[in-house]
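The values are calculated or read from the model by the stated rules, or taken from the named source; none is laboratory data. Note that the coordinates shown come from a computational prediction; the quantities given were computed from them, not determined experimentally. All Cβ positions, glycine included, derive from the backbone under ideal geometry; neighbour counts span all protein chains shown. The area values use the complete protein model at the heavy-atom level, side chains included, leaving out ligands, DNA and RNA. Shrake-Rupley method; radii C 1.70, N 1.55, O 1.52, S 1.80 Å.
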Amino acid sequence: MTRKSQVAVIGLGNIGAAIVTNLTKGKRSVIVADRTIEKANQLSQRLGSLVQPATIADAIKQADIVVLAIYFDPIKEFFKTYATELQGKIIVDPSNPIAPDENGGFKKIIGVDESAGQILSTLLPYEAKLAKALGTLGAESLASASFQTPEKAVEFYATDDSSINNKIEELIRDNGFEPLRIGGLNQSIRLEVFGDLHQFGALGKTVTLAEAKNIINNI
Ligand SMILES: NC(=O)c1ccc[n+]([C@@H]2O[C@H](COP(=O)([O-])OP(=O)(O)OC[C@H]3O[C@@H](n4cnc5c(N)ncnc54)[C@H](OP(=O)(O)O)[C@@H]3O)[C@@H](O)[C@H]2O)c1
């Protein structure tokens, strides 16, 4: 049996903690890091020995796949700060390029036709590979729909590099979801808030694989 890729989750807030919790349910080990080691230590103490705390630089160095569960603007800075450590890594981006608006909702902070995924694809560290994934559901659904029965819910993903499809799909399955690739990063906008395949867009809910294929075939 081939070794599973080592995953690191950086940013242990709503989404990061949900992904780490899901991975422990999927019996997958995961390295965790945040701005401070205390947050990583606390999560490890809560979830057990599959969760290994590390500094950000060490987490990236030890990982094949780095999930960046932080906000879109800080990711751009993160690419610069950790450009050396991130060389050649698979980077997973769940980010939504949004900020609170004046009506208690959210607004996009980039152009209406732009996506975080496409913008980040132009800023990648040397030979890093990017997948837009694990961001199409709100944190609550990401936690509650994980390993749902009788049929798993779908997590859509997009990447330009089909050589990483298997690793991304394994990561999504170990999170308790059925993976469905919708194409390259030029499709990222569909996977971000307001997109047609996002829970907080036209999709509006979790869907099973059959429902997802039906929706995609009818577009
Ligand atoms: N929440 C959702 O329902 C949801 C759904 C889909 C996608 N997303 C996306 O997921 C990402 C994370 O959202 P969230 O709701 O989980 O945010 P969050 O609860 O604020 O968590 C972000 C975590 O990352 C840490 N952090 C921030 N900048 C960092 C850096 N440069 N290096 C290391 N750690 C850093 C934060 O630490 P501090 O507290 O010290 O700042 C915090 O622990 C965002 O891009 C968001 O758009 C969120």
Give the peptides 42-54, 16-28, 112-124 in descending order of average Cβ contacts within 10 Å, highest first. 16-28, 112-124, 42-54
Can you give the Rg to Rh ratio of region 29-139, both from alpha-carbon atoms, with Rh computed by the Kirkwood formula? 1.00
Which whole-number value in Å² is the accessible area per residue of the chain, probe 1.4 Å? 47 Å²
Gain in length, ALA202 to ALA99, computed as 0.36 nm per residue apart minus the alpha-carbon separation, to one decimal in nm? 35.2 nm
If you average the alpha carbon positions of region 195-212 and of region 59-128, how far apart do those two centres end up, in angstrom? 22 Å
Taking 0.36 nm per residue of sequence separation and subtracting the Cα-Cα distance, how much length would be gained by fully extending the chain between GLU77 and ILE37, in nm to one decimal? 12.4 nm
Give me the log10 of I(q) over I(0) for region 104-162 at q = 0.14, 0.15, 0.22 Å⁻¹, as the Debye formula computes it from C-alpha points; what are the numbers? -0.59, -0.66, -1.01
Two pseudo-spin positions, 7 Å from Cα along C-beta at THR122 and at ILE216, lie apart in nanometres by 2.7 nm
In nm, to one decimal, how far is the ARG3 label point from the ASP161 one, both placed 7 Å along Cα→Cβ? 1.9 nm
With each pseudo-label sitting 7 Å past Cα toward Cβ, what's the ARG46-GLN87 distance in nm, one decimal? 3.6 nm
Of THR55, THR36, THR149, the most mobile residue in a GNM of the chain (C-alpha springs, cutoff 10 Å) is THR149
Please list the non-local residues whose amide H lies under 5 Å from the amide H of LEU50, H modeled 1.01 Å from N, same-chain partners needing a gap of 5 or more. none
Compactness relative to 2.2 N^0.38 Å, alpha carbon Rg of the chain: 0.95
Out-of-range pairs (alpha-carbon distance over 22 Å; input LYS89/LYS167; LYS129/LYS167; LYS76/LYS213; LYS4/LYS39; LYS27/LYS167; LYS4/LYS25): LYS76/LYS213; LYS4/LYS39
